[in-house]
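Novice: One structure coming up, written as structure tokens, with questions to follow.
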Amino acid sequence: MPFNNLICAINDKAAVVTVNRPKALNALNKETLEELLACFAELAVNDDLTGVVLTGAGEKAFVAGADIAAMQHLDALAGREFGRLGQQVMRTIETFAKPVIAAVNGFALGGGCELAMACDIRIASETAKFGQPEVNLGVIPGFGGTQRLPRLVGTGMALELLLTGDMIDAHEACRIGLVNRVVANDHLLPHCLELIGKMARKGPIAIRLCKDAVRGGIELDCESGCRREADLFGLCFASNDQTEGMAAFLAKRQPTFTNN
Ligand code: CAA
């Protein structure tokens with residue numbers, strides 16, 4: 001499907017989804033959010049897909065936030081609806097069955113930081129910058145930032161970022177656990193695609209259930225999460241991939257997974 005504000009390209013079975021509004025530093029307006037939903041719905045039915053890399057067009061920004069011009073005249077009800085739409089996008093990415101990696105190539109502010117946080121893994125370029133500057137605009141984060149940031153970096157650090165609106169660089173983001181690692185700008189996309197490629201060589205059912213165990217379990221107390229993990233662990237043993245994976249190990253050969 002052609003999009004106005006996104007580019008979706010398949011690169012050796014991995015999708016590279018690029019938010020493409022460089023003149024507005026890839027800010028998320030309603031159309032872009034709706035296109036992200038449509039794009040992920042399309043990718044969800046692509047059985048060959050190994051994962052998704054999400055990035056921003058241009059050298060300057062991943063995504064500089066929700067579109068401030070588009071939000072300027074919203075009333076309370078419309079604001080809530082816009083927040084819910086953004087949250088739906090974040091949840092769709094978070095629960096996507098395949099790994100989603102944010103390749104953060106520049107400013108990841110407000111809704112852009114929230115978009116990165118909805119991804120499974122965040123890799124930042126040397127020039128990436130992160131922040132939740134909503135308080136500068138008289139609002140709070142509306143796409144899940146108040147919930148996901150403390151879960152990733154702890155309440156104290158999250159509240160400092162949320163209440164000051166300060167921007168941090170890629171190395172500080174890495175130090176506090178907001179990103180997994182920092183790579184040179186020109187290695188960003190190749191590195192993310194390499195990671196997806198590495199995961200693609202594992203058992204696909206295990207990859208899906210592992211993400212499900214973490215994503216579904218993180219909201220539960222440890223005991224309930226472990227019960228859920230045991231269910232999903234058990235489910236693995238109903239798959240041919242488990243038979244193949246263990247047989248291959250014991251026969252000292254590489255496994256051939258078939259995703260069933
Ligand atoms: N929405 C709409 N347009 C934006 C934008 C945004 N979030 N961020 C940047 N732009 C536009 C600018 O208005 C400017 O447009 P014009 O060329 O037409 O004037 C263009 O992108 C380039 O931006 P700047 O000239 O400001 O570039 P800069 O290098 O001087 O500054 C920046 C870069 C620090 C990222 C600055 O643009 C900035 O602070 N942007 C806003 C960041 C922000 O506040 N994000 C949070 C938005 S609220 C939110 O996201 C709520 C939520 O949780 C859902």
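The values are calculated or read from the model by the stated rules, or taken from the named source; none is laboratory data. Worth saying up front: this structure is predicted, and the values here are computed from it rather than measured. No Cβ is skipped: glycine too gets one built from the backbone with ideal geometry, and neighbour counts run over all protein chains shown. Please note that ligands, DNA and RNA were not included when accessible areas were found on the heavy atoms of the full protein model with its side chains. Shrake-Rupley method; radii C 1.70, N 1.55, O 1.52, S 1.80 Å.
Novice: May I ask you to evaluate 6.51 cos²θ - 1.76 cosθ + 1.60, the Karplus curve with θ = phi - 60°, for each residue of the range 237-243 and list the ³J(HN,Hα) values in order in whole Hz, giving x for glycine and proline?
Specialist: Here the 3J(HN,Hα) series is 6, 8, 10, 5, 5, 5, 4 Hz.
Novice: If I model a spin label at residue 249 and residue 231 as a point 7 Å from the Cα along the Cα→Cβ vector, what separation in nanometres do I get?
Specialist: 2.5 nm
Novice: If I model a spin label as a point 7 Å beyond the Cα along the Cα-Cβ vector, how far apart are those points for residue 84 and residue 238 in nm?
Specialist: 3.4 nm
Novice: What's the angle, to the nearest 10 degrees (0 to 90), between helix 30-44's Cα axis and the longest principal axis of the chain?
Specialist: 0 degrees
Novice: Tell me, rounded to the nearest percent, the portion of alpha carbon pairs in the chain spaced more than 23 Å apart. Each step should come with its number before you reach the end.
Specialist: Values: 17846 of 33670 pairs.
That fraction is 53 percent.
Novice: With +1 on each Lys and Arg Cβ and -1 on each Asp and Glu Cβ, how big is the dipole of the range 119-260 about its Cα centre, in debye rounded to the nearest 20? Don't jump to the answer; show the numbers that get you there.
Specialist: On the way: 16 positive and 17 negative charges, 111 e Å.
That gives a dipole near 540 debye.
Novice: In vacuum, with every alpha carbon of the range 164-260 counted as one equal point scatterer, what does the Debye formula give for log10 I(q)/I(0) at q = 0.15, 0.16, 0.18, 0.21 Å⁻¹? Two decimals, please.
Specialist: Relative scattering, expressed as log10 I(q)/I(0), comes to -0.85, -0.91, -0.99, -1.05.
Novice: Say each of residue 7 and residue 202 gets a label point 7 Å from the Cα, pointing the same way as Cα to Cβ; how far apart are those two points in nm?
Specialist: Distance between label points: 3.0 nm.
Novice: Once the piece of chain linking residue 135 and residue 172 is laid out straight, how much longer is it, given 0.36 nm per residue of separation minus the C-alpha distance between them? If you can, show how the numbers build up before the last one.
Specialist: On the way: separation 37, 0.36 × 37 = 13.32 nm, distance 2.07 nm.
So the chain would gain 11.3 nm between residue 135 and residue 172.
Novice: Taking all protein chains as present, what is the carbon and sulfur share of the accessible area of the range 55-145, in % to the nearest whole number, probe 1.4 Å? Write out the running numbers ahead of the final one.
Specialist: Numbers: 2040 of 3550 Å².
So the carbon and sulfur contribution to the accessible surface is 57 percent.
Novice: May I pose another question? Long-range amide H contacts for residue 29: which residues qualify at under 5 Å (H placed 1.01 Å from N, peptide plane, sequence gap of 5 or more or a different chain)?
Specialist: Counting only residues 5 or more places away or on other chains, the set is 67.
Novice: Once phi is turned into ³J(HN,Hα) by the Karplus curve 6.51 cos²θ - 1.76 cosθ + 1.60 with θ = phi - 60°, what whole-Hz value does each residue of the range 167-180 show in order, with x for glycine and proline?
Specialist: 9, 10, 7, 4, 5, 5, 4, 6, 4, 8, x, 7, 10, 6
Novice: Further, regarding this structure: How much net charge surrounds residue 32 when only the other residues with a Cβ under 11 Å from the Cβ of residue 32 are counted, with Lys and Arg +1 and Asp and Glu -1?
Specialist: On the way: positive: 21, 30; negative: 31, 34, 35, 67.
It works out to a net charge of -2.
Novice: Could you work out the helix-only [θ] at 222 nm for the chain, with each DSSP H run of four or more residues adding -39,500 (n - 2.57) and the total divided by the number of residues, to the nearest 500 deg cm²/dmol?
Specialist: Details: 11 runs with 124 residues, N = 260.
When only DSSP H runs of four or more count, the value is -14500 deg cm²/dmol.
Novice: Among 216, 56, 83, which one shows the highest mean-square fluctuation when the chain is modelled as a Gaussian network with alpha-carbon springs under 10 Å?
Specialist: Of 216, 56, 83, the most mobile in the Gaussian network model is 216.
Novice: State which entries of 13/202; 23/198; 98/252; 98/129 exceed 23 angstrom in Cα-Cα distance in the structure shown.
Specialist: Working: 13/202 14 Å; 23/198 34 Å; 98/252 28 Å; 98/129 26 Å.
Check vs 23 Å cut-off fails for 23/198; 98/252; 98/129.
Novice: Largest first and to the nearest Å, give the Cα extent of the range 1-132 along each principal axis.
Specialist: Principal-axis extents of the range 1-132 (Cα, largest first): 43, 32, 24 Å.
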